[in-house]
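The structure appears right after this line, and notes come after that.
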Amino acid sequence: MHLSLRFIVPLTVALALLAYLLVPLVDKLALRWWINDLDTRSELVANTLQGQLAGAIEQGSTTKVEQIFMRALQDERLYALAFCDERGKMRYSTPTYPSTLGCRPPASAEGEAHSVIRLRQGPLHVVQRPLFEGADRIGTLILVHDMSFVDRRSADTRLYLIGLFVVLGVVVSLVTVSIAHLSWRGWVAGVRSLLRGEGILQPFSRPGSSPVHPLASELRALLRELDQSRRGRDQSAIWSPEMLRNVLHEQLLGDEVLVVSNREPFIHNRDGDEITLLRPASGLVTALEPVMRACSGTWIAHGSGSADRETADARGRLRVPPDNPSYTLRRVWLSAEEERGYYNGFANEGLWPLCHIAHVRPVFRSADWEQYLRVNRRFADAVRDEVRTDDPVVLVQDYHLALVPRMIRERLPKATIIMFWHIPWPNPESFSICPWREELLEGMLGSTILGFHTRFHCQNFVETVDRHLEARIERESSTISYGGQLTRVESYPISIQWPPEWIDSQLSVSLCRAKVLRIEKLADDVLVGIGVDRMDYTKGILERFLAVERLLEVHPEFIGRFVLVQIAAPSRSSLDEYHNFEMRVRALAARINATFGRDGYEPIRLKVEHHGSQSVNEYYRAADVCIVTSLHDGMNLVAKEFVASRDDEQGVLVLSQFTGAARELPDALIVNPYHIENCADALYKALTMPTDEKRVRMRSMRRLVQEFNVYRWAGSMLLDAARLRQRQRVSARIFAHQRDAGIEA
Ligand code: F6P
């Protein structure tokens, strides 16, 4: 201890002294770097503005010049701009331009492009650049950068540097003292063993091992660690829950995040004395659940389960997932009448067929609209009740809640609202069928960002707004300005989590196959097709069955050798359209089975029941081909789930050209579900495809789904939101400055 103090104290003092002496040097060096940086930035800005500015000045258009200046000022550090003509007369300047500078700011030091001056506003970096129209010099552009950040940074640097040296001092002293202690003890032990007539290295070596082994294994471990960290860094292009959390902490400064959707991620149902937990068959839930696990926050949704009230607290709250609580679910209660009008009626009999254009007539009733309005208000109120801050990030989901963004904007003007539309957006003609089209569009334009799966849907939306509202549309930047609110319309293709959910606990592909063949009572050599959907008329289930029928007609060798297992989760069954559809699906399956069935063989196994995601994963892994034939689908996550499940790089995906997924997975066999022969041919190709071709296609699709996973989907929306928040803060600063200048004037 005595020895340690004798080492540590003087060494720490010496290093602190060294740091104290080094600080001014580092300060000077850093200042030089920042100034060089600002010189380059000024040069860049001046070059960028040159053409546009000279043109506007020549036209004498004050508005244009001001617009160019204000746009340039979006750069956070650029503080002010001015233009003086050749006679040294100030012609244009931004409101932030210090009047004391005039057209002749203090001269630069010899050979320097800039001057640094201190005014009431703080240190400023000033650069003058000649402005040319063709070959003629028409005046001087003065660029002023705010340098107050340099003072702040250098104070921070000073603090860190001194801290670093102190810590370094302590560490170096401790290491030195420890080594000295060890050497001393080793030397003493060595001397003792020598005195006992043993080898000097023995105290350090394990019995039976060479004395150098511990060092070698430590070195290997270190190299492994380095290698791992390097690999981690190389793979950082792949989004993960950690990266998403980092975006929240670093870019959004840990701001509050809320999700609002109709469907809840966990439904509690009463089954006699028991309460069962259901994870609904919903693309929205599949995508958002892992995101919420990663970033915590609150998810507000309709509590639709028969035991939902008894499993939540008095305010409808509970922590989920039940086995590993990581975020809060806040349930919103709806009466049977509200649910009928808002969910069954307006959302699913009106908007759903309107947006999908799957040849089912949309039905719009005033009474349903009233309920839709009322329930949307309830969700917006729930957001207001749940928030802890006045500028949260709120992710509003889907067509059930089109009015919610504007309602939240009215309650929380500073919120960043991202609305994601999970289903297609139709063309303007089709959308004009809706009697409340203007109200819906106005509601959605309360968002800061409006997301669709594809560019095509974004364009349809922008065209629809152009047709129905008096809005200003900037097509190049994909923004819509309506009622003083700016909304960015962007495509964010949704996806699934990667690594896939069951990666660590799933059965091998061969065991999955054996299990599925056993459950379905199928022979070992049977080829299995799989379809997984909600029982919905947009999913092309009838068309899929007709394609199987056609395959068996044209290639009778597959009779008895091919079976399509169709999992169809019951959905919206209280609606006539869905009830009738289910009847038609059952009847068609029965007809095809009657035609081709024999001795226990049925080509179509229709399973109208809910399957948990683990069980669905086993069917995916057991299948030779997965068939997705949606007539229209925003994305379709079944296609991506199938690809993610096939770590054996086998199995073929047959995919409808009318899904968003078809744009991302060109290695699938892309089909037109309205063309039955085309689908039957694709099925035949899938069932006879060579192993190598399957591998090449599946490998490429897996790479895509891995890279464009759900964390990237959420991350890019949140990053865009963070950038917009940043820009808003800068604009607020400029406005405040202009206002102050106005008051002074
Ligand atoms: O993915 C589209 C979608 O409409 C989601 O909005 C919805 O959660 C899902 O399909 C299932 O529908 P529902 O919530 O009506 O059961």
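The values are calculated or read from the model by the stated rules, or taken from the named source; none is laboratory data. These numbers were taken from a predicted model, which means no experiment stands behind them. All Cβ positions, glycine included, derive from the backbone under ideal geometry; neighbour counts span all protein chains shown. Calculation scope for accessible area: heavy atoms of the full protein, side chains included, ligands and nucleic acids excluded. Shrake-Rupley method; radii C 1.70, N 1.55, O 1.52, S 1.80 Å.
Things to note:
- On the basis of the beta-carbon distance and an R0 of 56 Å, SER432 and ASN269 show a calculated FRET efficiency of 0.90.
- Eligible lysines near LYS521 by straight Cα distance, threshold 23 Å, same-chain separation 8 or greater: LYS607
- Charge dipole of the chain (Cα centre as origin; +1 on each Lys and Arg Cβ, -1 on each Asp and Glu Cβ, all else neutral): 2020 debye, rounded to the nearest 20.
- About its Cα centre, the range 509-706 has a charge dipole of approximately 320 debye under the convention of +1 per Lys or Arg Cβ and -1 per Asp or Glu Cβ, with nothing else charged.
- Contour minus Cα-Cα distance for GLU76 and ASP740 (0.36 nm per residue): 237.2 nm
- Distance from the Cα centroid of the range 44-66 to that of the range 536-559 is 64 Å (rounded to whole angstrom).
- Alpha-carbon Debye profile of the range 509-706, log10 I(q)/I(0) at 0.17 Å⁻¹: -1.16
- In the range 406-478, trypsin sites (Lys or Arg not before Pro) in a DSSP loop with at most 15 other beta-carbon atoms within 10 Å: LYS414, ARG475
- Per-residue ellipticity at 222 nm computed for the chain from its helices equals -16000 deg cm²/dmol, with DSSP H segments shorter than 4 residues left out and the rest contributing -39,500 (n - 2.57).
- Distance cut-off 18 Å, percentage of C-alpha pairs in the range 2-151 lying past it: 63
- Shape of the chain, Cα gyration tensor, a/c cut at 1.5: oblate
- Applying 1/(1 + (r/R0)^6) with R0 = 45 Å to the Cβ-Cβ distance of GLN50 and GLN657 gives a FRET efficiency near 0.40.
- DSSP beta bridges fully contained in the range 509-706 are about 5 percent antiparallel.
- Extended-chain gain in nm, criterion 0.36 nm per residue less alpha-carbon gap, GLU58 and SER366: 105.1 nm
- Proximal lysines relative to LYS89, as straight alpha-carbon distance under 27 Å, when same-chain residues fewer than 8 apart are discounted: LYS64
- With the simple spin-label model, which puts each label point 7 Å out from Cα in the Cβ direction, the GLU43 to GLU693 separation comes to 5.7 nm.
- Distance between modelled label sites at ARG584 and ASP313, nm, 7 Å Cα→Cβ extension: 4.8
- Rounded percent of accessible protein surface that carbon and sulfur make up, the range 2-151, 1.4 Å probe: 58
- The calculated FRET efficiency for the pair LEU22 and ILE503, based on their C-beta separation and a Förster distance of 35 Å, comes to about 0.10.
- The residues of the chain expose on average 49 square angstrom of accessible surface per residue, using a 1.4 Å probe on protein heavy atoms.
- Rounded to 5, the percent of DSSP beta bridges in the chain classed as antiparallel: 50
- Accessible-area order (highest first, 1.4 angstrom probe) of the listed residues SER447, SER99: SER99, SER447
- Sulfur and carbon atoms: percent of accessible area, the range 509-706 [1.4 Å]: 49
- Peptides 607-614, 41-48, 710-717 ordered by packing proxy, namely the average of other Cβ atoms within 10 Å per residue, highest first: 710-717, 41-48, 607-614.
- Shown here for the range 603-708: chymotrypsin sites (Phe, Trp or Tyr not before Pro) in loop regions (DSSP other than H, G, I, E, B) with at most 10 other Cβ atoms within 10 Å, of which there are none.
- In the chain, the longest principal axis of the Cα atoms and the axis of helix 509-519 are about 30 degrees apart.
- For the pair ILE559 and ILE117 in one chain, pulling the backbone fully straight at 0.36 nm per residue adds 150.4 nm over the alpha carbon distance.
- Within the range 69-161, GluC sites (Glu not before Pro) in DSSP loop having at most 10 other beta-carbon neighbours inside 10 Å: GLU110
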